[in-house]
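Visitor: Handing you this structure, nothing more for now.
Values quoted throughout were computed directly from the atomic coordinates according to the rules given, and no laboratory measurement underlies them. All figures in this text were calculated on a predicted structure; none of them were measured in a lab.
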Amino acid sequence: MGNVYGYIRVSTREQNEDRQRLALREAGVPESNICTEKQSGRDFDRPQYQRLLSVLQKDDLLYIKSIDRLGRNYEEILQQWRVLTKEKGVDIVVLDMPLLDTRRGKDLMGTFLSDIVLQVLSFVAENERDSIRQRQAEGIAAAKAKGVRFGRPPQPLPKKFRSVYRRWKEGKITGAAAARECGMPLTSFLYRAEVYGKTSPGAIEKKIRIL
């Protein structure tokens, strides 16, 4: 029996890894051998994972809380699983799925069943993430169609914006001069001027007359 390690991954620095750490401790993983990664799982180009990969040796045991902590991409999870178990000779235990314990069923049938379970779970996990992203996109699109605006609300216009806008529109001052008077970058002034020109009382009255 080799050394026992644990791998923790959270997607961002705001997420808390305590739940994973507690599960690894209860499984008997020494605190000094728990490797924590605060990074997205979109690929395996992660500093802590690569460091762990370099120290793992044949007959070592690696614990992870769930299969998605290893990664998010179906094909890459399978590839890394084979690297760990076949090339490195490491055993893996997925705590949330007892069937994914390579210490059991070392015969051909046991390995075959473990591989099937891994492929099914990886595929389901990736499909669920795709479904979540699709539902989020559909929800955002539906909200926008109802007039819901996302992002920070625009800053209120400077008090002198309307008079400056009028002089700029009449060609009495340049855009750069108008932006300076309003205390705005030129690009911001031009953008707000375009929006204002479409929503100002005069523009709305003109549209009403046309209708």
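Visitor: In Å, what Rg and Dmax follow from the Cα atoms of region 1-101?
Guide: According to the Cα coordinates of region 1-101, Rg and Dmax are 12.4, 36 Å.
Visitor: Quick one: of LYS38/LYS146; LYS38/LYS86; LYS159/LYS198; LYS172/LYS198, which pairs are farther than 25 Å apart, Cα to Cα? Intermediate values should be presented prior to the final figure.
Guide: On the way: LYS38/LYS146 37 Å; LYS38/LYS86 27 Å; LYS159/LYS198 19 Å; LYS172/LYS198 20 Å.
Pairs exceeding 25 Å: LYS38/LYS146; LYS38/LYS86.
Visitor: While we're on this one: What residues have an amide H closer than 5 Å to that of GLY6, excluding those fewer than 5 places away on the same chain, when H is modeled at 1.01 Å from N in the peptide plane?
Guide: ILE34, CYS35, TYR63
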